[in-house]
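Engineer: One structure is given below, represented as structure tokens, and several questions about it will come after.
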Amino acid sequence: MNYRRLGRSGLQISELSVGSWVTYGNQVDHRLARESLAAARDHGVNFFDNAEVYAKGQSEAIMGRALKELAWPRVDYVVSTKFFFGLNQAPNQHQTLNRKYLHNAIDGSLARLQLDYVDLVFCHRPDPHTPIEETVWAMSDIIARGKALYWGTSEWSADEIRAAHEIAERHHLRKPVMEQPEYNLLHRKRVEREYARLYEDIGLGLTTWSPLASGLLTGKYRNGVPEGSRAQVQGYEWLRERLTDAGRNGIVGRLAEVSDDLGCTLAQLSIAWILKNPHVSTVLTGASRTEQIRENMKAVEIVGKLTPEVMERIEAIVGKVAA
Ligand code: NDP
């Protein structure tokens, strides 16, 4: 496993990491979580991603219990959580980044995770109804109170990220150091175009999500929906249409010819392709089974096979900056 700096911060994180969206609380209980976290760590993973809203808090509780049982030294691993969506619909507890919500949310997450602090805390989406200045002060205060070490954003526009950075600079507050955007072979525009100036200008780091587009980029949906897959998880029916889309599965079929020629799986090729982008600090992977973790971690061995010729072949299939 290689370790990359999280943007311009000094924090080193494994270039492959593991997150808990959909899986923890729906497909993965605390025993399986413990097993898969241990498998990831055996491969050198030191970063585990979570969010308050995942499985309505259950995902944090499961990860917290698993981490407690694993009893690793706290300095050895990095944990994140994210705030915005909230756990109920009440005012100041739902789809907001106001000071009151953030002030309370961090304590709830720390209790569920059974941790004294999280390493990274993200604003899970932008909130057009709260001044960015209020959010920057609140995030900076969370760090000042020792409850998180670094803060960042998820799916904010380049303009919003730059505004937050400038406010923090003006008031000598903690600056956002990372963004968590979707990035995979079928979803590229934001990372490759919209954020292009931010890497140099403010040293933005990226913890990218859905490297396999929820499993589509394994090729497993080419012949329908397999038993026990994400497309069958209750509450995620909206994903099914995207996962079974004929056009997208056509592209996947052509990509599978490339991975076959390289002697790796399509999942490994898709993850290795993301690792080729030097602006990516870590690729957040997801897994409903421990075998998937083992397969996906081997992507680090495939990066060297992605020669300029192979990259051009992939580019010809997915089209320049596809989406
Ligand atoms: P992926 O796109 O990699 O999808 C992961 C899913 O694909 C697995 O749960 C599994 O689903 C299937 N899969 C993974 N590997 C294999 C394999 N080798 N063979 C077959 N199937 C496989 O990642 P996620 O969408 O899970 O995103 C990763 C992480 O990113 C999340 O856990 C979360 O931490 C973060 N995230 C952040 C978001 C944000 O807004 N900030 C949004 C979404 C994710 P199954 O077996 O059930 O089919």
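The values are calculated or read from the model by the stated rules, or taken from the named source; none is laboratory data. Since the model is a prediction, treat every value here as computed from it, not as a measurement. Positions of Cβ are backbone-derived with ideal geometry, glycine not excepted, and every protein chain shown enters the neighbour counts.
Engineer: If I filter region 63-80 for residues that are modelled with pLDDT of 95 or more, part of a loop (DSSP other than H, G, I, E, B) and within 16 Å of the ligand (Cβ to nearest atom), do I get at least one hit?
Structural biologist: Checked region 63-80: at least one residue is modelled with pLDDT of 95 or more, part of a loop (DSSP other than H, G, I, E, B) and within 16 Å of the ligand (Cβ to nearest atom).
Quick grid of which residues meet (1) assigned to a helix (DSSP H, G or I); (2) β-branched (Val, Ile, Thr):
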position	(1), (2)
Leu269	yes, no
His279	no, no
Val310	yes, yes
Glu315	yes, no
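Engineer: Looking at (1) near the ligand (Cβ under 9 Å from one of its atoms); (2) over 20 Å from Ala231 (Cβ atoms), which one does Glu295 not meet, given that it meets all the others?
Structural biologist: It fails just one condition, (2).
Engineer: Any chance you could count how many residues in region 45-57 are acidic (Asp, Glu) and part of a loop (DSSP other than H, G, I, E, B)?
Structural biologist: 1
Engineer: I'd like to verify a number: residues in region 238-282 that are within 15 Å of the ligand (Cβ to nearest atom), basic (Lys, Arg) and within 16 Å of Ile317 (Cα to Cα), how many?
Structural biologist: 1
Engineer: Same structure again: Scan (1) over 14 Å from the mean Cα position of the chain (by Cα); (2) outside any loop (DSSP other than H, G, I, E, B); (3) of a type in the set (A, V, I, L, M) for the single condition Val18 breaks and write down its number.
Structural biologist: Answer for Val18: the failing condition is (1).
Engineer: Another question, then. Can we say Glu60 is in contact with a Leu (Cβ under 7 Å, 6 or more places away or on another chain), under 22 Å from Val233 (Cβ atoms), assigned to a loop (DSSP other than H, G, I, E, B) and modelled with pLDDT of 95 or more?
Structural biologist: no
Engineer: Same structure, new question: Criterion first (surrounded by 19 or more Cβ atoms within 10 Å (Cβ to Cβ) and among the charged types (D, E, K, R)) does Asp42 satisfy it?
Structural biologist: Judged against the criteria, Asp42 is not a match.
Engineer: So, one more: Among the residues of region 215-234, which ones are in contact (Cβ under 8 Å) with a residue 24 or more places away in the chain, more than 6 Å from the ligand (Cβ to nearest atom) and not hydrophobic (A, V, I, L, M, F, W, C)?
Structural biologist: Listed by number, the residues that qualify are Gly219, Tyr221, Arg222, Gly228, Gln234.
This table checks each residue for (1) without any contact (Cβ under 8 Å) to a residue 24 or more places away in the chain; (2) among the aliphatic types (A, V, I, L, M); (3) more than 30 Å from Lys276 (Cβ to Cβ); (4) surrounded by 14 or more Cβ atoms within 10 Å (Cβ to Cβ).
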{"residue": "Gln58", "(1), (2), (3), (4)": "no, no, yes, yes"}
{"residue": "Ala61", "(1), (2), (3), (4)": "no, yes, yes, yes"}
{"residue": "Val78", "(1), (2), (3), (4)": "no, yes, no, yes"}
{"residue": "Leu97", "(1), (2), (3), (4)": "no, yes, yes, yes"}
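Engineer: Further question on the same structure: Being crowded, with 24+ Cβ neighbours inside 10 Å and more than 13 Å from the ligand (Cβ to nearest atom): is that true of Ser20 here?
Structural biologist: When the stated conditions are applied, Ser20 does not pass them.
Engineer: A further question follows. Looking at region 218-247, which of the residues that are touching a Leu at 6+ places or on another chain (Cβ under 6 Å) and part of a helix (DSSP H, G or I) is farthest from Leu275 (Cα to Cα)?
Structural biologist: Ala231
To keep it simple, each residue is scored yes or no on (1) touching a Ser or Thr at 6+ places or on another chain (Cβ under 8 Å); (2) among the hydroxyl-bearing types (Ser, Thr, Tyr); (3) in contact (Cβ under 8 Å) with a residue 40 or more places away in the chain; (4) loosely packed, with under 13 Cβ neighbours inside 10 Å.
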position: Trp273; (1), (2), (3), (4): no, no, yes, no
position: Asn277; (1), (2), (3), (4): no, no, yes, no
position: Val280; (1), (2), (3), (4): yes, no, yes, no
position: Leu284; (1), (2), (3), (4): yes, no, yes, no
position: Ala287; (1), (2), (3), (4): yes, no, yes, no
position: Glu291; (1), (2), (3), (4): no, no, no, yes
position: Lys298; (1), (2), (3), (4): no, no, no, no
position: Glu312; (1), (2), (3), (4): no, no, no, yes
position: Gly319; (1), (2), (3), (4): no, no, no, yes
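Engineer: Related question: Can you tell me how many residues in region 236-264 are closer than 27 Å to Lys298 by Cα and touching a residue at least 60 places away in the same chain (Cβ under 8 Å)?
Structural biologist: So the answer is 4.
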